[in-house]
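Undergrad: Quick one: the structure is below, and I'll ask about it shortly.
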Amino acid sequence: MADNPGISFERISHPSPTDADSRAQALTNPGFGTLFSDHMVSIDWDEAHGWHNATLGPRVPLTLDPACAVLHYAQEIFEGLKAYKQEDGGIALFRPEANAARFNSSARRLAMPELPEDVFVESVRQLVNIDREWIPLVEGGSLYLRPFMFASEAFLGVRPAKKYKYLVIASPAGNYFKSGAPAVSIWVSRDYTRAARGGTGAAKCGGNYAASLVPQAEAIQRGHDQAVFLDGAENKWIEELGGMNLFFVFDDGRMVTPPLTGTILPGITRDSLITLAREEGLDVHEERYSLEQWRDDAGSGKLVETFACGTAAVVTPVGKVAGHDGEFVIGSGGPGQLTQKLRQKLVGIQRGTVEDRHGWVTKLR
Ligand SMILES: *Cc1c(COP(=O)(O)O)cnc(C)c1O
């Protein structure tokens, strides 16, 4: 697709940026996903010009034609990554080039144009740079970045759109969990699946999330925190949560995570933890694991820990699993040792307190 080497961002000045006092006030308790920084990046794509009209300007509402394709056929993809304040006062991004690559693989699946990876990374850098004061200084705080792209053409026919908009917005986030990560209780969805073979499970698209809301609401209504999905063909193999990948830890030093067969989102946290766990001497396998086996292994004590992972909450221990045919507890029901160790190591690399041996951290100039 259109390759625009050296795309440059036109700077549009903000007429009324948030004053320092109001911002400081808002940042004392940012929560997640409700507070936004002052600016955004916007780039347009059409067939004639490729990627063009790149701007870094005030965050403003969009005006869309009611026939805008995304509103009808959900041609939309997104990414999620964080900017961190490091111990030395600098600002860092964690593996942004991996988000850029995944964004393009999502784009291909949704029949959208690819964005050059260097433009993706540069867009994120530009936004973090201008809104750097929006990184909360509370412990565990970060600036959550949301790059996304949608079909912006006004057209009701069913085909890939001929116009797209790429935007990046930023939302200050507090510590996802106030004191460390408490173990969550998860509900095994029986009546719904997240993805099927040949579907969009491996793409980070809004439509996958829309389809997960009913099972997620069912989990909450039954008193659990998250829904876990089984495979669509046999309703047997564990896949992932609505927005987090899963790992299983055994008493013999083995660790298992479901394989990337097209129905699971290839998490960057998942990939990083596989590397870190191998460094810790664990024997990590990407292989199928069934719900039945999970229950048996938890009962026999062979399975000692289970955790979920993703950018937003990093590593979350799973304490209890419930389904239509009963429930079982993992280990002692609280955060496991390895879960905590891996979490600390990953967070340490992101914050600059643990050596970054893999070149995962990109520091802002
Ligand atoms: C984003 C996402 C993840 C986690 O990916 P990270 O890159 O680790 O943040 C896992 N599952 C789903 C369905 C997701 O959308």
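The values are calculated or read from the model by the stated rules, or taken from the named source; none is laboratory data. All figures in this text were calculated on a predicted structure; none of them were measured in a lab. Glycine also receives a Cβ, built like all others from the backbone with ideal geometry; neighbour counts cover every protein chain displayed. Accessible surface is based on the protein model in full, side chains and every heavy atom, while ligands, DNA and RNA are left aside. Shrake-Rupley method; radii C 1.70, N 1.55, O 1.52, S 1.80 Å.
Undergrad: At 1.4 Å probe size, with no ligands or nucleic acids counted, give the accessible surface of Lys302 in Å², nearest ten.
TA: 90
Undergrad: Continuing with the same structure: Taking +1 at the Cβ of each Lys and Arg and -1 at the Cβ of each Asp and Glu, which of Phe120, Val158, Leu81 sits farthest along the dipole of the stretch 10-173 towards its positive end, judged by Cα position relative to the Cα centre?
TA: Final value for the positive-end residue is Val158.
Undergrad: Right, something else. Show me, bin by bin at 10 Å from 0, the whole-percent P(r) of the stretch 1-88 based on Cα pairs.
TA: 11, 30, 38, 17, 3
Undergrad: Direction-averaged shadow area of the convex hull around the Cα atoms of the chain, nm²? Please list the in-between numbers first.
TA: Numbers: hull surface 75.4 nm².
Seen from a random direction, the Cα hull of the chain projects 18.9 nm² on average.
Undergrad: Suppose every K and R has +1 on its Cβ and every D and E has -1 on its Cβ; what is the size of the dipole of the chain about the Cα centre, in Debye to the nearest 20?
TA: Working: 37 positive and 45 negative charges, 50 e Å.
For this selection, approximately 240 debye.
Undergrad: Leaving ligands and nucleic acids out of the surface, order Leu213, Leu35 by accessible area at 1.4 Å, largest first. Walk me through the numbers before you get to the answer.
TA: Working: Leu213 110, Leu35 40 Å².
Highest to lowest solvent-accessible surface, that is Leu213, Leu35.
Undergrad: Put +1 on the Cβ of every Lys and Arg and -1 on every Asp and Glu Cβ in the stretch 184-351; which of Ile186, Ser212, Phe328 then has its Cα farthest towards the positive end of the dipole?
TA: Ser212
Undergrad: What FRET efficiency do you get for Glu97 and Glu355 if R0 is 22 Å and r is their Cβ-Cβ distance, rounded to the nearest 0.05? Provide the component values of the computation, followed by the final result.
TA: Details: r = 20 Å, r/R0 = 0.90.
Once the sixth-power term is evaluated, E becomes 0.65.
Undergrad: With every protein chain left in place and a probe of 1.4 Å, what is the accessible surface of Lys162, to the nearest 10 Å²?
TA: Approximately 90 Å² for this residue.
Undergrad: Another question, if that's okay. Would you kindly find the accessible area of Asp65, with a 1.4 Å probe and non-protein molecules such as ligands, DNA and RNA excluded, rounding to the nearest 10 Å²?
TA: Rounded to the nearest 10, the figure is 80 Å².
Undergrad: Which of Leu145, Thr63, Gly33 sits farthest toward the positive end of the charge dipole of the chain, with +1 on the Cβ of Lys and Arg and -1 on the Cβ of Asp and Glu?
TA: Projecting each Cα onto the dipole axis, the largest value belongs to Thr63.
Undergrad: Equivalent-ellipsoid semi-axes (√(5λ), Cα gyration tensor) for the stretch 298-339, whole Å, largest first? Numbers along the way, then the final one.
TA: Details: eigenvalues 75, 37, 10 Å².
Equivalent ellipsoid semi-axes, largest first: 19, 14, 7 Å.
Undergrad: If you roll a 1.4 Å probe over the heavy atoms of the protein chains, what accessible area per residue do you get for the stretch 31-178, in Å²?
TA: Working: 6010 Å² over 148 residues.
It amounts to 41 Å² per residue over the stretch 31-178.
Undergrad: Express the C-alpha Rg of the stretch 70-126 as a ratio against the empirical globular expectation 2.2 N^0.38 Å, rounded to two decimals.
TA: Values: Rg = 13.7 Å, N = 57, 2.2 N^0.38 = 10.2 Å.
Here the Cα radius of gyration is 1.34 times the empirical estimate.
Undergrad: With +1 on each Lys and Arg Cβ and -1 on each Asp and Glu Cβ, how big is the dipole of the stretch 10-173 about its Cα centre, in debye rounded to the nearest 20?
TA: Roughly 400 debye for the stretch 10-173.
Undergrad: Could you please state, rounded to a whole Å, how far the C-alpha centre of the stretch 259-274 is from the C-alpha centre of the stretch 147-177?
TA: 23
Undergrad: Let me ask you something else. How big is D, in µm² s⁻¹, for the stretch 20-145 by Stokes-Einstein at 10 °C and 1.306 mPa s if Rh is the Kirkwood radius over C-alpha pairs? Intermediate values should be presented prior to the final figure.
TA: On the way: Rh = 16.4 Å.
The Stokes-Einstein estimate is 97 µm²/s.
Undergrad: Tell me what the chain gives for mean residue ellipticity at 222 nm when only DSSP H runs of n ≥ 4 count, each as -39,500 (n - 2.57), the sum divided by the residue total, rounded to 500 deg cm²/dmol.
TA: On the way: 8 runs with 93 residues, N = 365.
It lands at -8000 deg cm²/dmol.
Undergrad: Go ahead and set up a Gaussian network model of the chain, Cα springs under 10 Å, then flag whichever of Leu115, Leu71, Leu265 fluctuates most.
TA: Leu71
Undergrad: Also: Show which aspartates and glutamates lie in cross-link reach of Lys363 when reach means a straight Cα distance below 18 angstrom and same-chain residues fewer than eight apart are skipped.
TA: Candidates past the 8-residue exclusion: Glu87, Asp88, Glu97, Glu117, Asp118, Glu122, Asp131, Glu133, Glu355.
Undergrad: Taking the convex hull of the alpha carbon atoms in the stretch 184-351, what volume per residue do you get, in Å³? Write out the running numbers ahead of the final one.
TA: Details: hull volume 17.6 nm³, N = 168.
With only Cα atoms used, the stretch 184-351 gives 105 Å³ per residue.
Undergrad: On the first, second and third principal axes, largest extent first, how far apart are the outermost C-alpha atoms of the stretch 89-183 in Å?
TA: For the stretch 89-183, the Cα extents along the three principal axes come out at 50, 32, 23 Å.
Undergrad: Under a straight-distance cross-link criterion of Cα-Cα below 21 Å, which lysines are reachable from Lys165, leaving out those fewer than 8 residues away in the same chain?
TA: Straight-line reach from Lys165, under 21 Å: Lys204.
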